[in-house]
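First up is the structure itself, then whatever we jot down about it.
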Amino acid sequence: MTKMQANLIFNPKGNDNTEQRTIIKWNKTWLFQLNSTKYNWAKSLYQVMIWNFWVPEKVKWLWEDSIQFKKELNEDEQRAYKWILSFLIFLDSIQTVNLPNFSDYITAPEVNLILSIQTYQEAIHSQSYAVILETVVDAIWRDEIYYFWRDDKNLLERNEFIWNIYQRFLDNPNDENFFAWIIWNFLLESIYFYNWFAFFDTLASQSKMVATDRMINYIRRDELTHVTIFANIIKEIKKEFPKIYNKDVIYEMMDTAVKQEIKWSKHILQNKIIGMNDENVEKYTKRLANDRLNLLWLEPLYKDMVSNPYKHLDAMQNNNMEKWNFFESTVTNYSQSSAMNWSWEF
């Protein structure tokens, strides 16, 4: 297995020729020469991500959710709300730490740039969860929510599984571990968040915790761009480094992620949340996996999962002026500005 080297901070002997550039393993100067770029999808995503800028303070009326949490959510909904936040906090925390390490092995400045924006967005998501906890949940619960994994072995196992894949490459940076690292970034961004987004959407469909769901919708909008980043990186690896690319690894890791997500969802939801029974969770997760594989130009893993089990969320989409798509597989309908085009054409 070929050992990989992290990028130098500056390399005077590097080659910045755009046509020769590759997504990884290119010997460049590390000058961010952004008037000459190779990966058009990264240029487009830069526009989208910049104009998606938001801060938690944009979300109003969160105090109303505090009242609803205490007076209108039943015990099962309160429990799920808290423990789902615990997992989301972990996911965005580990990505904030992980992404700069990952970027150290990407050798296209335009891709490094959007990974930097993603890191910033993950930090904003962490701040968002803090704002939710400060506003909605009593202070006595906050530490327990942050450190729920210390008491729940199911969550600890999930967190350790994710962390170990990332750490394995850092401890042994070779091609095989790097490819697994890429795939797990894609799976974390494209699979792990979405049952939990569905939980908040389901509450909102019942006119519960609507401000929290609005915050989650901002986060989901960011996550769709993150999914797109890693889908494109994987496709560039396939094109430029076919010996590193391994379709079987993708299917194997996807199946592992789906099984983990279904198990954890059933553990947290306990078949007690209206609209999110065990059958719907399993159908949704497998359907989502098929959609994500389609982004990678791969055949579905679960061929019988073709319909959306969450019909109430389809209805929400039809009534929502922002028209978010629960099963969206591409990033659409985001504003872009011709004033920030680095002199390129779209």
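Nearest 20 debye, what's the magnitude of the dipole of the stretch 134-175 about its Cα centre given +1 on Lys and Arg Cβ and -1 on Asp and Glu Cβ? Dipole about the Cα centre, nearest 20: 120 debye. With neighbour counts taken as other beta-carbon atoms within 10 Å, the residues Thr135, Thr2 rank, fewest first, as Thr2, Thr135.
Were the residues from Arg142 through Lys70 laid out at 0.36 nm apart, the gain over their Cα-Cα distance would be 24.4 nm. For the chain, the residue among Phe148, Asn35, Ile84 whose Cα projects farthest onto the positive side of the dipole built from Cβ charges is Asn35. About the centre of its Cα atoms, the chain shows a dipole size close to 600 debye [charges on the beta carbon of Lys, Arg (+1) and Asp, Glu (-1) only; nearest 20 debye]. If the segment from Trp51 to Met1 were pulled out straight at 0.36 nm per residue, it would be longer than the present Cα-Cα gap by 13.9 nm.
Put simply, the amide H of Ile24, placed in the peptide plane, has neighbours under 5 Å in Thr107, leaving out anything fewer than 5 places away on its chain.
Relative contact order for the chain: 22 percent, from Cα pairs under 8 Å spaced at least 6 residues apart, divided by residue count. Of Phe230, Phe161, Phe179, which is the most mobile in a GNM of the chain whose springs link Cα atoms less than 10 angstrom apart? Looking only at Phe230, Phe161, Phe179, the largest GNM fluctuation is found for Phe161. Using θ = phi - 60° in the Karplus curve 6.51 cos²θ - 1.76 cosθ + 1.60, the 3J(HN,Hα) couplings for the stretch 145-152 round to 5, 4, 10, 4, 5, 6, 10, 10 Hz; x is entered for Gly and Pro. Every helix of 4 or more DSSP H residues in the chain counts as -39500 (n - 2.57), and over all residues that averages to -20500 deg cm²/dmol at 222 nm. Maximal additional length on extending the Ala130-Glu252 stretch stands at 40.5 nm, based on 0.36 nm per residue less the C-alpha distance.
In order along the stretch 6-20, the Karplus-derived 3J(HN,Hα) couplings, from 6.51 cos²θ - 1.76 cosθ + 1.60 at θ = phi - 60°, round to 5, 5, 6, 6, 8, 9, x, 8, x, 10, 9, 4, 5, 5, 8 Hz, and Gly and Pro are given as x. Backbone amide hydrogens, once placed in the peptide plane, bring Asn174 within less than 5 Å of Met4, excluding anything fewer than 5 places away on its chain. Placing pseudo-labels 7 Å out from each Cα toward the beta carbon at Lys272 and Asn174 gives an inter-label distance of 4.7 nm. Using R0 = 25 Å, the C-beta based FRET efficiency linking Phe241 and Val97 works out to 0.45.
Of the residues Arg158, Arg292, the one with the fewest other Cβ atoms within 10 Å heads the list, and the complete ranking is Arg158, Arg292.
Say the dipole of the chain comes from +1 at the beta carbon of Lys and Arg and -1 at that of Asp and Glu; which of Ala6, Thr212, Tyr302 then lies farthest toward its positive end? The residue sitting most towards the positive pole is Ala6.
No value in this document is a laboratory result; all are computed from the given coordinates. Everything numeric here is computed off the predicted structure, so don't read it as measured data. Every residue, glycine as well, gets a Cβ built from its backbone with ideal geometry; the counts of neighbours run over all protein chains shown.
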